[in-house]
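Comments concern the structure below.
Quick note: the coordinates plus some simple rules give every number you see, no bench work behind them. What you see is a predicted model; the values in this text were computed from it and never measured. When we count neighbours, we look across all protein chains shown, and the Cβ atoms used for this are built from the backbone with ideal geometry, even at glycine.
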Amino acid sequence: MIVKLVEIKDSGRPTLGCDEVFVNTEHVVCVRPTTPTWPSSILMPEGIDHNTQFSKVFLDHGQNGIAITVVGPPALIESKINTAKRQLLKG
């Protein structure tokens, strides 16, 4: 199943970049809490403040892996992933 998450990334500008990302739940290896270390001068995207919790999601990508930083604590990300996996197809 696919879930929509919000990825935060350093765009090299004074403001952090914020993008929607669609993740295949079958490729999630683990989810860990993370405290990004961005310079204090960097501005957060609208709707996100310095008290917001972030998680690092590790995805399987063949021999390599991909790690993305997403908005939300690990428990919230885990519940989104597990809810998507539990949805039944009606047919």
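Could you tell me whether THR52 is in contact with a Phe, Trp or Tyr (Cβ under 6 Å, 6 or more places away or on another chain) and either among the aromatic types (Phe, Trp, Tyr) or more than 14 Å from MET1 (Cα to Cα) (or both)?
no
Taking strands (runs of 3 or more DSSP E) that fall entirely within the range 1-65, which contain at least 3 residues that are in contact with a strand residue (DSSP E or B) (Cβ under 9 Å, 6 or more places away or on another chain) and closer than 12 Å to ILE77 by Cβ?
Fully inside the range 1-65 and qualifying: 2-9, 28-34, 54-61.
Conditions (1) buried (at least 16 other Cβ atoms within 10 Å of the Cβ); (2) at positive phi; (3) not aliphatic (A, V, I, L, M), marked per residue:
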site	(1), (2), (3)
LYS9	no, no, yes
PRO14	no, no, yes
ILE42	no, no, no
GLU46	no, no, yes
THR52	no, no, yes
SER55	yes, no, yes
HIS61	no, no, yes
GLY72	yes, yes, yes
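Only one residue in ILE68, ILE2, ILE81 is more than 10 Å from the chain's Cα centre (by Cα), in contact (Cβ under 8 Å) with a residue 60 or more places away in the chain and surrounded by 13 or more Cβ atoms within 10 Å (Cβ to Cβ). Which one?
None of the other options fit; the residue is ILE81.
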